[in-house]
1. Does Arg48 qualify as being within 30 Å of Ala192 (Cα to Cα), touching a strand residue (DSSP E or B) at 6+ places or on another chain (Cβ under 9 Å) and of a type in the set (Lys, Arg)?
2. Determine, yes or no, whether Leu32 is closer than 18 Å to Leu189 by Cβ, open to solvent by 20 Å² or more (accessible area, probe 1.4 Å) and in a helix (DSSP H, G or I).
3. Considering only residues of the range 133-163 that are open to solvent by 40 Å² or more (accessible area, probe 1.4 Å) and not in a helix (DSSP H, G or I), which is nearest to Ala35 (Cα to Cα)?
4. Please enumerate the residues belonging to the range 78-128 that are in contact (Cβ under 8 Å) with a residue 60 or more places away in the chain, under 29 Å from Ile51 (Cβ atoms) and open to solvent by 30 Å² or more (accessible area, probe 1.4 Å).
5. Go through the residues of the range 3-10 one by one and say whether even a single one is over 19 Å from the mean Cα position of the chain (by Cα) and closer than 29 Å to Ser200 by Cα.
6. Part of a helix (DSSP H, G or I) and hydrophobic (A, V, I, L, M, F, W, C): does that describe Ala25?
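The values are calculated or read from the model by the stated rules, or taken from the named source; none is laboratory data. Small disclaimer: the values here were computed from a predicted structure and weren't measured. No Cβ is skipped: glycine too gets one built from the backbone with ideal geometry, and neighbour counts run over all protein chains shown. Surface accessibility is based on the protein's heavy atoms, side chains included, excluding ligands, DNA and RNA. Shrake-Rupley method; radii C 1.70, N 1.55, O 1.52, S 1.80 Å.
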Amino acid sequence: MLNALRASIASRFPSIPYPEPTSWAFQPAALLAFATRVTDAYAADSRRVDIGAAGSWEALLAHAFEVHEAVRPLLAITYSTRTVYDRPEDIVADLERGRLEINTEHCEHPLWTPEENCIFRIAHDVIPHALYLRPFSLEGEVLAFHDHVRRAPAEARLALFTEIFGYAAIRYSTGVYPAHQKCIVFPELLAAYEAVFLPSGAAGA
């Protein structure tokens, strides 16, 4: 089943270039320090929605629905309020049985309905966590951002940075997710991340 999912994603969403972080820069202390910068920027912005950036979330949601359409024929998808998976290998084990369970907690989103937020969670569980075995950690979620960038339209990149990198930064620098989700973008922080952690000259690839 995992091979069928991998083939379906690869055929419908050809990978675009986006480099891995350099090993010498991608170190726990440096990444946590950068995550703290992201956390502070998120807290300092009082807006719930950046109207000028709403199109990035529209592009990301459209992509998530396309991923859902690609995987839905292969999986029995159910929803619950329990913590379903402790590690990516647990997701893979369920996928091999032809099923996927999505947690519906904390689905209040400024632009998406709870159902739409769950559609994005399906894409996030399948692409980085199952197909690439990205762990549930700061490092794993940052690499998951890379995985999504390679499959999603360019217009969705800033929303992806907030939805994946931003929330992981807050979770792993403070110990909890933010009380309220925000649809605001951080292009300067994304550029700074690419300048510090990606190979020289690779920013914006």
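1. The answer is yes for Arg48.
2. yes
3. Within the range 133-163, the match that is nearest to Ala35 (Cα to Cα) is Phe136.
4. Answer for the range 78-128, where residues must be in contact (Cβ under 8 Å) with a residue 60 or more places away in the chain, under 29 Å from Ile51 (Cβ atoms) and open to solvent by 30 Å² or more (accessible area, probe 1.4 Å): His106, Glu108, Pro110, Leu111.
5. No: zero hits.
6. No, not satisfied.
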